[in-house]
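The values are calculated or read from the model by the stated rules, or taken from the named source; none is laboratory data. Remember, it's a predicted structure, so these values are computed and weren't measured experimentally. For neighbour counting, all protein chains shown are included, and Cβ atoms are generated from backbone atoms with ideal geometry for every residue, glycine included.
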Amino acid sequence: MTTRTERWLIHSVFWGALLLLIALATPYLRQRLSVAMTTGETLLTLAAVGLFLMSLAGLVGVFWYLNVQVDARALAEQTMAEQRQRIEAMAQRQSALAELELAIHQPMELTRLLERVTILARDLLPAAATTVVVWESNREPVAFSARRADSRVVPPGLSALGPEAAPNRWLREHHRVLVVPDRDQQPSEIASWLREAGLRACVAIPLEQDGVVRGALYAWSAVPREYDAQALEFLQALAVRCALVIERVRLYEELQQWNRQLEQRVAERTEALAEANRQLQDLSLRLLQSQDEERRRLARELHDVTAQNLTAASLNLAQIHPTTERERERLAECAALVEQSLREIRTLSYVLHPPVLDEHGLARAVEWFVEGFQKRTGIVVRCEAVGELPRLARPVELALFRVVQEALSNVHRHAGNATVCVTLATDRDAVRVEVADTGRGFPSTRTEAGGVGLASMRERMRQIGGKLQVDSSPTGTRVVAVVPIGREETASA
C-alpha cells in the first residue's frame, strides 16, 4: 500500500469517526444541557462534556500518531531509495571503470577509447554533456563530446577548447580539479568564458602525464550543479584512465617510429650486404673465369711453344752422332728426359684445359681424365655412365668437369688407400655427377665450412644454377653435383 493511499484511508477514517462521534454525542449533550438548565444537575453535564472532549482528543491523537508513522515510514523509504540509488550508481560506475580498464589493455584506437570515456561520463553523471579534449604541442587538439538526448546543451566546439581556452589555462597552471557549481557566484575569467559558451556550471579534471597537462575531461551543465565526492572521484578515475590511454598511445607511436627507423636501417644494411654479396659473387665469377682463361692460355703455351721446343730438341738430339759409348749413353739419357718432359707437358696441358671436353663432351672428357688419373696415382677409379649424356652448354660441362677434377684431387691428397666410383647420370630435368670414395673421410665441420677446393666447387655450381652436396664419414666421402637442364639447353649445346 502506498503512502498516498494510507493517508487517504487515515483521513477517511478520522473524519468518519469524528462525524460519527459528533452525531452520537450532540443529542445527548443537548439533552444534558436542557436538563441541567431546568433541574440544575451540572455535574453530570460537565462529565458528559469532558468525556466528549476526551474522546475527541483521543481521536485527534490517534490521527496525529498515524500521520507521524506514515511520514516516518515514507522518509525511511525515501532514504532507502536514495541509498539504493546511490549504491546502484556506485556499482554502475565501478562496472564502467572495470570495463574501461579491460578496454585499455586490449588493442583499440585512441579515438574509440576516448569516445567510450565520454559516453560513460555522460551516462553515469548528473551532467547535460561531457567532453574529452586532448592536445599535444605538435598536433591539432582532438575533442570528443556527448550530450543527453533531452538536453539542449551543446558543448563548446574544438576551437573553444584549445590549449589556450580559459579552463585549460587554469588546469595547466594549477594541476588540480576545476569545479564551478554556478558561474554567477564565481566571477572570474572562467565564468565569463562559460557565459559566452552558454553554460552555467562545469567540472574539469586535468589529464596529466609526467607533470604536464595534456588534456581535460569536462562535465557541462546549463543550470547550477553541485557534484558530490563520489561523482568527483568517478571523474578523477576516468581521467586517470584517459591519461593511461594517452600515455600508452604515445609510447606505442614512439615504438612504431623506432621500429620504422630500425626496419629502415635493417633494409639499408641488408641492401648493402646484398650488394656486397653481389660484388663478391661477381668477383668470384671473374676470378674463376680468369683462372679458366689462364689455364687455357697456359695449356696453349705449353702445347704450342714448350712442347714444340721439346719436339725440336728431340729432333736435334736425334741428328747428333756421338763417337764414344759414354757420349751415346748421355745422348740417350737426354733424349729420354726430353721425351718424358714432352709427355708430362702434354698431360699437364690437357689437364689444364682438355681439348677433348670441347670436341667430345663431358662424358668422354671424364673418362679420359679418369684413365690418366689412375696411371698417375695408382688409385682404382671406376667410371659409370647411366643413360646417354647429351651435350650441354660449355660453362655447364666445364663446371662439372672441374668438380670431378677437384674431387679426385681431394681423394688423392686426403683419402689414403681408397677406391673411387665416378657416376654420370641424366634425366629429362637434370644432370647428376657423383664422386664416391672409400677413404677415411674428414670431419663434418670441414664439410660445412670447406676449404678452397670445396668453396670453388660450390661457387661453380652456384654460377650455373646447380647444387653441390658433400657427405663425409669415416667410411668414405661422397660429392654430388646436380645441375637442372632444359630441352632448349641440350638442344642448343
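Details
- Taking the listed residues 363, 385, the one that is out of contact with any Ser or Thr (no Cβ under 6 Å at 6 or more places or on another chain) and touching a residue at least 60 places away in the same chain (Cβ under 8 Å) is 363, with no other qualifying.
- Any hit, region 342-349, residues being in contact with a helix residue (DSSP H, G or I) (Cβ under 9 Å, 6 or more places away or on another chain), surrounded by fewer than 16 Cβ atoms within 10 Å (Cβ to Cβ) and either in a helix (DSSP H, G or I) or not hydroxyl-bearing (Ser, Thr, Tyr) (or both): yes
- Failed item in (1) assigned by TED's automatic domain parsing to the domain that holds residue 442; (2) in a helix (DSSP H, G or I), with residue 339 passing the rest: (1)
- Strands (runs of 3 or more DSSP E) (entirely within region 358-469) containing at least 2 residues that are modelled with pLDDT of 85 or more, within 30 Å of residue 343 (Cβ to Cβ) and not aliphatic (A, V, I, L, M): 381-386, 420-426
- Note on region 180-207: residues that are closer than 30 Å to residue 249 by Cα and not hydrophobic (A, V, I, L, M, F, W, C) total 1.
- Residue in region 50-64 that is without any contact (Cβ under 8 Å) to a residue 60 or more places away in the chain, over 30 Å from residue 6 (Cα atoms) and loosely packed, with under 11 Cβ neighbours inside 10 Å present: yes
- The residues on offer are 424, 357, and the sole one that is surrounded by 17 or more Cβ atoms within 10 Å (Cβ to Cβ), over 52 Å from the mean Cα position of the chain (by Cα) and not hydroxyl-bearing (Ser, Thr, Tyr) is 357.
- Residues in region 184-230 that are touching a residue at least 40 places away in the same chain (Cβ under 8 Å), within 29 Å of residue 87 (Cβ to Cβ) and in a helix (DSSP H, G or I): 230 only.
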